[in-house]
Amino acid sequence: MISYLQIDGLTKSFGDRVLFRDLTFGIVQGQKTGLIAGNGAGKTTLLNILAGKESYDEGAVVFRNDLRVGYLEQFPYFPEDQTVLEACFHSAHPAARLMAEYKAAMAAEPLVISDDLMMRMEHAGAWDYERKAGQILSLLKIDRLDRKTGQLSGGQLKRVALAKVLMAEPELFLLDEPTNHLDMEMIEWLEDYLGRSQVSLLMVTHDRYFLDRVCNDILEIDNREIYPYKGNYSYYLEKRSQRADARNAEIERANNLLRKELDWMRRQPQARGTKAKYRIDAFYELEEKAKQRQDTGTLRLDVRPAYLGSRIFEAVNVSKKYNDTWILRDFNYTFARYEKLGIIGDNGTGKSTFIKMLIGEVSPDSGCFDIGETVRFGYYSQEGLLPDENRKVIDLVQDIAEYITLGDGKTLGVSQFLNHFLFAPDRQHQYVHKLSGGEKRRLYLCTVLMRNPNFLVLDEPTNDLDIVTLNVLEEYLQHFKGCLIVVSHDRYFMDKIVDHLFVFHGNAEVQDFPGNYTQYRAWREEEPKVQKEAVPGPKKMSSVRLEKESKRKLTWQERREFESLEPAIAALEEEKAQLEMTLSSGSLSHDELTRQARRIAEIIEAIDRKTNRWLELSEWD
């Protein structure tokens, strides 16, 4: 295999803080590598070093001669007076340079295009390049190419930067969070594009489905060292668990041995003086190893939310539009207690506007949101702004609360709470402005959760968070005893958290789908086939419109049945859990054991039957 990149002994520090030490790895032709590490461990710094944007302390970075490298930054920057067209075609690719020259000549007055330029474009395949570039711009929904980049949002700039990198056709991609600010259709297209192409890449992303389906190698930076895994993300999870078990066993052995050596070190100096110096040196090495943090697996943080009554919120004939674009029109919905709703849809269809109307930041044009008296919102916005970055982390959080009450009635101090969200004691006393982008997002998340909300509204919570933090957040949300609305393009996250979806199709069309994202995608792929068989002839309507028009209102009796199903299912689940505990106690006689096992089978069947009926009625509701 042809070596594209070789890293040897790379070390980087900021002051007395070492980010990573003696990293050694390589990227060969066709290798697609995902880089995983906690926020603040140096992922973006490493990519900046490889792109030549940042220096390093020691080691060597060697690229193959004449290798075309494309770098997508986490927060790309373009000159504010540059147009989108100029930004996209400003590239080292010869066809891109010629196309930029041609576009400039087309825009000039008077129009002058030389024969020499046309010949060079023909020779470089510039017309074929323009066609591919047009496809990329279209798929990423980049229009108005004459618009200045200074007028674009952060998400739009990210898509322009991604288009520029893809259009340059590099041999090696360096990608820092490529799925941020992309809608799900774009993410799936990019996933397919990178998965099928023969390019090489080194990529940082929190999107675990994307990692699993694109990458064939994983590199993990942990405790300032690098660990390679020859497989995709699923393989990495398996092997990392084995490595963590082995490391924990080694730390435990070190702790046991340390106790014996500590007794020896505490003896009188005269007794130690005759001992070999190597044993004293070995003691300090052993002490350092014993101090390493053990990997205890997924953390569970069950924070007690404020009391939540049965009345949550009701949307009553809500309408909203910007210019000629409708976001909602006569929208009605009654939100249920403990409901976990996911919101998906293309960018610009009104997802963020919907939740801002709900929490009162934006007013509807007509209609209203009737909010229950006990509802206490916790809002995590895309911007994620912290009030004062010139303060220390722990001081900022202590201003909100001195302690946090858990679900079992116990309390956590601020320092313990921050430790659960992966802020080690030394990071808790750092100034906020010194944190990495991901650490700031994680701190912002802590400030939201510390207020003990009973209704969480999360707008793109997964952007810029590392995978370890996402696992902690998912565990928290799965056991959250309150209501939840989450807007996210992270498919894995949505699959684990939500129980149904609002799909924003644009032009005020909102579909309520009873399931998670993977189930919705499977339904979406099958629905056109079903509709094709069911609706003969040339008049064919979209699946969404058919679904919408086929709905009917519940009768009074069906409404009563629907409202009774949820508590009935909950009661059955509770009975099932109690029976399982009794069965595992080992105290039952043979006859009682048989009877209880038969009852569990009946309960499972009843739960399935009632759940299917609930899903059926929810589609008509």
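The criterion of at least 3 residues that are over 26 Å from H206 (Cβ atoms) and either modelled with pLDDT of 85 or more or not small (G, A, S) (or both) is met, among helices (runs of 4 or more DSSP H) falling completely within the stretch 96-183, by 115-124, 126-139. Scanning the stretch 20-53 for residues that are touching a residue at least 24 places away in the same chain (Cβ under 8 Å), farther than 29 Å from R196 by Cβ and surrounded by fewer than 17 Cβ atoms within 10 Å (Cβ to Cβ) yields D22, T24. Looking only at the stretch 56-95, count every residue that is under 28 Å from R131 (Cβ atoms), modelled with pLDDT of 85 or more, under 30 Å from the mean Cα position of the chain (by Cα) and not β-branched (V, I, T) and tell me the total. Residues in the stretch 56-95 being under 28 Å from R131 (Cβ atoms), modelled with pLDDT of 85 or more, under 30 Å from the mean Cα position of the chain (by Cα) and not β-branched (V, I, T): 8 in total.
If you take the residues in the stretch 343-353 that are out of contact with any helix residue (DSSP H, G or I) (no Cβ under 9 Å at 6 or more places or on another chain) and assigned to a loop (DSSP other than H, G, I, E, B), which one is surrounded by the most Cβ atoms within 10 Å (Cβ to Cβ)? Steps first, answer last, please.
If we filter the stretch 343-353 for residues that are out of contact with any helix residue (DSSP H, G or I) (no Cβ under 9 Å at 6 or more places or on another chain), which is where we start, we get 348-353.
Next cut, assigned to a loop (DSSP other than H, G, I, E, B) only: 348-350.
Numbers: G348: 15, T349: 22, G350: 24.
The residue in question is G350.
Residue check: D245 meets all listed conditions (1) within 30 Å of Q82 (Cα to Cα); (2) open to solvent by 60 Å² or more (accessible area, probe 1.4 Å) but one, namely (1). Only one of the numbered conditions (1) closer than 25 Å to L182 by Cβ; (2) open to solvent by 60 Å² or more (accessible area, probe 1.4 Å) is not met by E101, and that is (1). Screening the stretch 213-232 for residues that are under 21 Å from L166 (Cα atoms) and of a type outside the set (A, V, I, L, M) and picking the one that is surrounded by the most Cβ atoms within 10 Å (Cβ to Cβ) gives C215.
With respect to G40, determine if the residue is of a type outside the set (A, V, I, L, M, F, W, C), part of a loop (DSSP other than H, G, I, E, B), touching an Asp or Glu at 6+ places or on another chain (Cβ under 7 Å) and closer than 27 Å to Y229 by Cβ. Yes: the conditions hold for G40.
Is it the case that some residue within the stretch 64-78 is farther than 30 Å from G195 by Cα and touching a residue at least 24 places away in the same chain (Cβ under 8 Å)? Give the derivation first.
Within the stretch 64-78, the subset farther than 30 Å from G195 by Cα is none.
No, the conditions are met nowhere in the stretch 64-78.
Applying the criterion of being open to solvent by 10 Å² or more (accessible area, probe 1.4 Å) and in contact (Cβ under 8 Å) with a residue 40 or more places away in the chain to the residues of the stretch 481-503, the residue that is nearest to D330 (Cα to Cα) is H500.
Restricting attention to the stretch 191-231, the residues that are hydrophobic (A, V, I, L, M, F, W, C), touching a helix residue (DSSP H, G or I) at 6+ places or on another chain (Cβ under 8 Å) and outside any strand (DSSP E or B) total 5.
Take the residues of the stretch 152-193 that are hydroxyl-bearing (S, T, Y) and open to solvent by 10 Å² or more (accessible area, probe 1.4 Å): which is farthest from D66 (Cα to Cα)?
Taking the stretch 152-193 as the starting set, the residues that turn out to be hydroxyl-bearing (S, T, Y) are 153, 179, 193.
Filter once more, keeping what is open to solvent by 10 Å² or more (accessible area, probe 1.4 Å): 153, 193.
On the way: S153: 34, Y193: 24 Å.
So, considering only residues that are hydroxyl-bearing (S, T, Y) and open to solvent by 10 Å² or more (accessible area, probe 1.4 Å), the one farthest from D66 (Cα to Cα) is S153.
When K356, K340, K320 are screened for being free of Cβ contacts under 8 Å to residues at least 12 places away in the same chain and open to solvent by less than 60 Å² (accessible area, probe 1.4 Å), only K356 passes. Can you find a residue that is in a loop (DSSP other than H, G, I, E, B), under 25 Å from the mean Cα position of the chain (by Cα) and at pLDDT 80 or above anywhere in the stretch 389-408? Yes, the conditions are met somewhere in the stretch 389-408. The residues on offer are E80, E54, and the sole one that is in a loop (DSSP other than H, G, I, E, B) and within 28 Å of V468 (Cα to Cα) is E54. Of all residues in the stretch 369-388 being over 30 Å from the mean Cα position of the chain (by Cα) and surrounded by fewer than 14 Cβ atoms within 10 Å (Cβ to Cβ), which is modelled with the highest pLDDT? Applying the filter and picking the extreme gives D370.
Among the residues of the stretch 5-16, is any assigned to a loop (DSSP other than H, G, I, E, B) and among the polar types (S, T, N, Q)?
Kept after step one, since they are assigned to a loop (DSSP other than H, G, I, E, B), are these residues of the stretch 5-16: 15-16.
Adding the requirement that they be among the polar types (S, T, N, Q) leaves none.
No, there is no match, as no residue in the stretch 5-16 is assigned to a loop (DSSP other than H, G, I, E, B) and among the polar types (S, T, N, Q).
The values are calculated or read from the model by the stated rules, or taken from the named source; none is laboratory data. This structure is a prediction, so every number in the text was calculated from the model and none was measured. Positions of Cβ are backbone-derived with ideal geometry, glycine not excepted, and every protein chain shown enters the neighbour counts. When the accessible area is computed, the model is the full protein with side chains, heavy atoms only, and any ligands, DNA or RNA have been set aside. Shrake-Rupley method; radii C 1.70, N 1.55, O 1.52, S 1.80 Å.
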